[in-house]
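The values are calculated or read from the model by the stated rules, or taken from the named source; none is laboratory data. For clarity, every value in this text was computed on a predicted model and none was experimentally measured. Note that each Cβ is placed from the backbone with ideal geometry, even for glycine, and that neighbours are counted across all protein chains shown.
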Amino acid sequence: MPPQLVAGGPRVLLRRLREIMAERQSAQARLDKLVSVIAANMVAEVCSIYLRRAGGALELFATEGLNREAVHRTRLKSGEGLVGLVAGDAAPLNLSNAPEHPAFSYRPETGEDPFLSFLGVPIVRGERVFGVLTVQNRTQRHYDEEEEEALATIAMVLAEIVAQGTLVDLAEIDEAELSPTRPAVFRGEGLTEGVAIGTVFLHQPRVKVERMIADDPKAELQRLDSALEELRLAVDAMLASSELDLAGETREVIEAYRLFAHDQGWRTRLTDAVRSGLTAEAAVERVQDETRTRINRTNDPYLRERLHDFDDLAHRLMRHLAKSAGAEVEALPKDAVVIARSMGPAELLDYGRNRLAALVVGEASQTSHIAIVARSLGIPLIGGVQDIADAARPGDRIAVDAETGEIHLRPLDEVVAALQAKQGLLAQRVAQFAAIRDEPAVTRDGVRVRLNMNAGLLLDIPHLNQSGADGIGLFRTELQFMIGPAMPRLRDQIALYRQVLDAAGSKPVVFRTLDLGGDKVPSYGRVVREENPALGWRALRIALDRPALLRYQVRALVTAADGRPLRLLLPMVSEVAEFEAARKLIGHELDRAKRIGRPLPEKLHLGAMVEVPSLLFELKQILASADFLSVGSNDLLQFVFAADRTNPVVARRYDTLSPAVLNLFRHLAEGSSQVNRCADISICGEIAGRPLEAMVLVALGITSLSMQASMIGPVKMMIRNMDTRTLKPFVEGLCTMSAPTARAELAEFAAAHGIPVGRI
């Protein structure tokens, strides 16, 4: 019969832990006593605590059963041994014969030779692993579920103690933890332009759990039940509020929250954690840590996206618990710079615009919904920033430069002064752009360039007139499908497309048909596991394999057009045969509309998106077949260079102004000029909105660009100051160079000829 937990189980352990930590002794003495109590309670012959040192090494800090002289002498490198495996995976490891495991690392100074069984659990808080807690026995045994649960509960409480600084003299946590008042600089990716100086506000900050161990478990269960009920009622009230309906987006996000809030499995895990002896707040934190760790170990994009919903739900529940405990909810300060690990568009809309100076969101990219909404609201946003949420404190002064992607936490006065000067210059630029808003984008030698904007939400539409755009060169229809819990009904699609066309008036709108698949999988869609989803079943490939989906969307678009001109763009066309097959399906839908007496579009313009390199080798044929081409430079260039733009290791292996790129766009422009039927090639990728790259595109003969609305002003200013007669031969000369980029040469040319190109 294997040894079991002594009577009282985890509650006894938690009570003893609280008593030990309250004693006036050194941190080392308390740790020594703690491992002794755990070993006795779990009938284990060994209990050890390893804590993370600066640099990632795991050091033995306390032990009962191993050689005491090994304490502070035994260090394991990051990932080394079973302890390193537990820390690296942030997951428990339960072995009946530890020495047989391939990761086992023998350390003779510890004297662990006779011990076979091993149970290790991570000491983790949030997504940070502070160390590992282990127990061992001589006999070969597999620790049961109750024992693993008890050890994980102790580790969770220990993590909170370490994080709060009780053991900071031993753990040597990151410098930012030890010096919370020193200036620090972080770098990320500027997703919307702007400079802001303000005050740190932590988005849904991790509530500081004052009490980890319950005095009265029954009372904690009642608090948990009450908070869960309040949470559900609050979500239902949000759904019932007409004020929250922004083109259906906010409602659809909250609908997803509602499903999770009513999930019985979530409630059961919370209840079990409270019954183990934790307070309601500690139970929420523990369950969320376990959920986050489990999901982060998967490669499932759907589950990773849902993690944001679980995080948001846990934070909302924490706030209800805090309210029941009499805690005050922190008010948003003036000029708030909101820092978040992740944030949804509805959460951003909750803040409003007036008091928000900038956003710093760890999990945000150019194509994320939060970036799209931030651009619509004109809020500076920096994404892809690591560790700042742990380093920042509410009320800290912070300066954000979204042009360079730099964030200055607790900045020096000199830094603030420099950024204030930059704010003044940016304000002058904005005024200059506003002055030419209604002027045409015409070069000095008379070349007219059409400047369109990219969009995907109704929130974007007001920028059509505010920016002076000629039209909408790319409307991403898939966003409506991505943000809801179910596929939008036909009437919902019709309503959205009709609102866009009505708002655009006489200005043209190009609707891209659904570009789903790859990294864009709706919550209700079936996840197709692929080794390389970017090259897999997506966009037009799905539409041709599931023709009803394409026809369903075209039906909505034709109905919404109501006799007006309609422009459709097919994504990820690999060959002309695919384009013609899609045209045939669209023709069937037009025939259906005619049969039932529905008005047909005055003119249907059908375009192909050039983002697959194979289409470049059928350029003459596609130019003759399509009414227009739109080049998706983001995907096209990553395929041309075989470099995943979402992989930071290889994303910068090529430059968008390399000779290869210059020759590619020259080939497109020259091909278009040789085929009279198709006179329109537009660029709708990121490079269209960068003044230096846009300068090159216009010089090569591409006169239609589509970009973020905020970049139309800078690009128009550049165009009105350039002359293609001098620039074109210069750019063509650079096409033959062998250097990896022509960026420096082009920047020098722009400076010498007074062409404003902003950031290089």
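Does the range 189-227 hold any residues that are under 15 Å from GLU285 (Cα atoms) and at pLDDT below 85, and which are they? Listed by number, the residues that qualify are GLN204, PRO205, ARG206, VAL207, LYS208, VAL209, GLU210, ARG211, MET212, ILE213, ALA214.
Residues in the range 455-470 that are acidic (Asp, Glu) and touching a residue at least 40 places away in the same chain (Cβ under 8 Å): 1 in all. For the range 97-115, filtering for residues that are surrounded by 12 or more Cβ atoms within 10 Å (Cβ to Cβ) and either part of a helix (DSSP H, G or I) or small (Gly, Ala, Ser) (or both) leaves 7.
Within the range 614-641, the set of residues being among the polar types (S, T, N, Q) and assigned to a helix (DSSP H, G or I) comprises SER614, GLN621, SER625, SER633, ASN634, GLN638. Summed over the range 389-406, residues that are crowded, with 21+ Cβ neighbours inside 10 Å, under 26 Å from LEU426 (Cα atoms) and out of contact with any Ser or Thr (no Cβ under 8 Å at 6 or more places or on another chain) total 3. ILE494 satisfies every condition listed in (1) in the same structural domain as ARG555 (by TED's automatic domain parsing); (2) within 23 Å of VAL373 (Cβ to Cβ); (3) not in a loop (DSSP other than H, G, I, E, B) except (2).
Taking the criterion of being surrounded by 14 or more Cβ atoms within 10 Å (Cβ to Cβ) and either outside the structural domain of ALA155 (by TED's automatic domain parsing) or free of Cβ contacts under 8 Å to residues at least 12 places away in the same chain (or both), the only residue of the range 64-76 that qualifies is VAL71. Being surrounded by 22 or more Cβ atoms within 10 Å (Cβ to Cβ) and under 30 Å from LEU569 (Cα atoms) is a property that does not hold for LEU409.
Taking the range 455-472 as the range and being surrounded by fewer than 24 Cβ atoms within 10 Å (Cβ to Cβ) and in a loop (DSSP other than H, G, I, E, B) as the test, the residues that pass are GLY456, LEU457, ILE461, PRO462, SER467, GLY468, ASP470, GLY471.
Each row is one residue, and each column tells you yes or no for (1) at negative phi; (2) in contact with a helix residue (DSSP H, G or I) (Cβ under 8 Å, 6 or more places away or on another chain); (3) of a type outside the set (A, V, I, L, M, F, W, C).
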{"position": "LYS584", "(1), (2), (3)": "yes, no, yes"}
{"position": "HIS588", "(1), (2), (3)": "yes, yes, yes"}
{"position": "ARG595", "(1), (2), (3)": "yes, no, yes"}
{"position": "ARG598", "(1), (2), (3)": "yes, yes, yes"}
{"position": "ALA608", "(1), (2), (3)": "yes, yes, no"}
{"position": "GLU611", "(1), (2), (3)": "yes, yes, yes"}
{"position": "GLU618", "(1), (2), (3)": "yes, yes, yes"}
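Mind listing just one residue for me: the one in the range 741-760 that is in a loop (DSSP other than H, G, I, E, B) and of a type outside the set (A, V, I, L, M, F, W, C) and, of those, surrounded by the fewest Cβ atoms within 10 Å (Cβ to Cβ)? Filtering first and then ranking leaves GLY754.
Yes or no: the range 26-45 includes at least one residue that is modelled with pLDDT of 90 or more and more than 26 Å from ARG141 (Cα to Cα). Scanning the range 26-45 turns up no residue that is modelled with pLDDT of 90 or more and more than 26 Å from ARG141 (Cα to Cα). When GLY56, GLY79, GLY120 are screened for being free of Cβ contacts under 8 Å to residues at least 40 places away in the same chain, surrounded by fewer than 20 Cβ atoms within 10 Å (Cβ to Cβ) and under 30 Å from GLU281 (Cα atoms), only GLY56 passes.
Let's see how each residue does on (1) in a helix (DSSP H, G or I); (2) of a type outside the set (Val, Ile, Thr); (3) at pLDDT below 80:
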| residue | (1), (2), (3) |
| --- | --- |
| LEU474 | no, yes, no |
| LEU479 | yes, yes, yes |
| GLY484 | no, yes, yes |
| ALA503 | yes, yes, no |
| LYS507 | no, yes, no |
| VAL510 | no, no, no |
| ARG526 | no, yes, yes |
| ARG529 | no, yes, yes |
| ALA534 | yes, yes, yes |
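Applying the selection to the range 601-624, what residues are of a type in the set (Gly, Ala, Ser) and surrounded by 17 or more Cβ atoms within 10 Å (Cβ to Cβ)? Give the steps one after another, and end with the answer.
Applying the first criterion (of a type in the set (Gly, Ala, Ser)) to the range 601-624 yields 607-608, 614, 624.
Matches in the range 601-624: GLY607, ALA608.
Considering only the range 157-172, I want to know if a residue exists there that is in contact with a strand residue (DSSP E or B) (Cβ under 9 Å, 6 or more places away or on another chain), modelled with pLDDT of 80 or more, crowded, with 18+ Cβ neighbours inside 10 Å and over 13 Å from ARG52 (Cβ atoms). Within the range 157-172 (the criterion being in contact with a strand residue (DSSP E or B) (Cβ under 9 Å, 6 or more places away or on another chain), modelled with pLDDT of 80 or more, crowded, with 18+ Cβ neighbours inside 10 Å and over 13 Å from ARG52 (Cβ atoms)), the answer is yes, since at least one residue qualifies. Residue-level analysis places LEU657 outside the set of residues that are assigned to a helix (DSSP H, G or I), touching a residue at least 12 places away in the same chain (Cβ under 8 Å) and either over 27 Å from ALA556 (Cα atoms) or in contact with a His (Cβ under 7 Å, 6 or more places away or on another chain) (or both). Considering each residue of the range 116-126 in turn, at least one proves to be under 26 Å from ARG275 (Cα atoms), in a loop (DSSP other than H, G, I, E, B), within 36 Å of the chain's Cα centre (by Cα) and at pLDDT below 90.
Within the range 431-454, being aliphatic (A, V, I, L, M), surrounded by fewer than 14 Cβ atoms within 10 Å (Cβ to Cβ) and touching a residue at least 40 places away in the same chain (Cβ under 8 Å) holds for ALA434, VAL442.
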